[in-house]
Amino acid sequence: MTNWTEEEVQKVVAEIGKKAAADPAFRKLCLENPAEAVKRVGGKDLPQGLKVRFVENAGAHMTFVLPDPAGPGELAEADLDKVAGGAEPGDTQSSKTCYGYGY
């Protein structure tokens, strides 16, 4: 497995952004084969099991990573709300609140 330092990741991400903005062929590579684009800029393969995806800036879109599905014996969403926020039965306010997710 190839190890990347936080500094290397930040440097490669910044360089990919600059290169993708200036070079249409590299931008296309980012979209079609992100692992190869990272390798060309960073000089080494991504760590095994890590996948990277680049997307076009298409305006006001947000991406949320959904959690893994609950397995047997795990609490349901309503039960988690009660534990985490002390919600009363029938209180739907917690489902209306948007918490600070990254953009």
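List of remarks:
- Counting the residues of region 20-51 that are farther than 16 Å from residue 8 by Cβ and part of a helix (DSSP H, G or I) gives 14.
- Residue match in region 84-99 (condition: touching a Leu at 6+ places or on another chain (Cβ under 8 Å) and at pLDDT 70 or above): no
- Residue in region 10-19 that is at pLDDT below 95, in contact with an Asp or Glu (Cβ under 9 Å, 6 or more places away or on another chain) and outside any loop (DSSP other than H, G, I, E, B) present: no
- Pair list, Cβ under 6 Å, 6 or more apart: region 1-29 residue under 15 Å from residue 43 (Cα atoms), other residue of a type in the set (Val, Ile, Thr) and in a helix (DSSP H, G or I): 12/41; 15/41; 16/41
The values are calculated or read from the model by the stated rules, or taken from the named source; none is laboratory data. Being a predicted model, the structure only gives us computed values, none of them experimental. Here the Cβ is made from the backbone with ideal geometry for all residues, glycine too, and neighbour counts use every protein chain on show.
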